[in-house]
Amino acid sequence: MNWELAILWFVTFVISVTVHEAAHAWFAMLGGDRTAYNAGQVTLNPIPHMQREPFGMLVLPLLMLYLSNGTYCFGFAHAPIDPIWAYHHPKKAALMSAAGPLANLLLAAIAFTMLWFIARPDGETMVALRKIAGVFLFLNIVLFVFNLIPLPPLDGASVLTGLSRPARQFYDGLMRIPYMQLVILILLFSYAGRFILPVLWTVDDWLPYSLGAPPNAFR
């Protein structure tokens, strides 16, 4: 296993998910729901987020690193939201749901800017910065696109639920179907790449020097 790359992937994942969940919590607080704030989630310190979701932020990412020989990791977390607040303030809840993916988009934009100016790196320091920025770009695009897929419990479904009453009724009925969560999980694992890969290839084409994404360009 490439331990240097594995550590880079894990640190990038922890930072990216922490920013994602902190954005959810912060926008919920701004909208009047202090549930996540009271739980200590309005923070860029990853420890409270890990304590709340140890499996999604520690066990699963480390397992994926092991299974991928240190070349990739993924996981999840969630900020606590008051469902009564979300029901009575659907547009604020939609903005809160969108805040997490938009935070990942911001991180991806920062990484893209770094890669644009680095282009063809000279020297070990610039090569290392390019590798770090490449992993940040790749992972945050994945988090951005994946979370906006309009299937519950992903943020895309929550955004639609907050903006449209018919969408809320549809998702409420959908989730009452037995085993639907398992079906959605299978669909996500089977077809999420069809949404994510074209975006990755497009962003890679925009760079002055291709990363060859995804994801073995970062090995």
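A compact table of results
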read-out: For segment 120-209, the Rg and Dmax computed from alpha carbons only, in angstrom; value: 18.0, 57
read-out: Lys, Arg +1 and Asp, Glu -1 on Cβ, resulting dipole of the chain about Cα centre, debye, nearest 20; value: 380
read-out: Sequence ranges 76-82, 47-53, ranked by mean other-Cβ count within 10 angstrom, highest first; value: 76-82, 47-53
read-out: Estimated [θ] at 222 nm from DSSP helical runs (n ≥ 4, -39500 (n - 2.57)) normalised by residues in the chain, nearest 500; value: -23000 deg cm²/dmol
read-out: Summed residue charge, Cβ within 12 Å of Gly75's Cβ, Lys/Arg positive, Asp/Glu negative; value: -2
read-out: Extent along principal axes [Cα atoms of the chain; Å; largest to smallest]; value: 56, 34, 31
read-out: Kirkwood hydrodynamic radius (C-alpha pairs) into Stokes-Einstein, segment 19-60, 20 °C and 1.002 mPa s, D in µm²/s; value: 207
read-out: Whole-number percent relative contact order across the chain, with pairs defined as alpha carbons under 8 Å at least 6 apart; value: 21
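Taken together, the values in this text are just the output of simple stated rules run on the coordinates, not laboratory data. Predicted model only: the values in this text are computed from it and were never measured. Every residue, glycine as well, gets a Cβ built from its backbone with ideal geometry; the counts of neighbours run over all protein chains shown.
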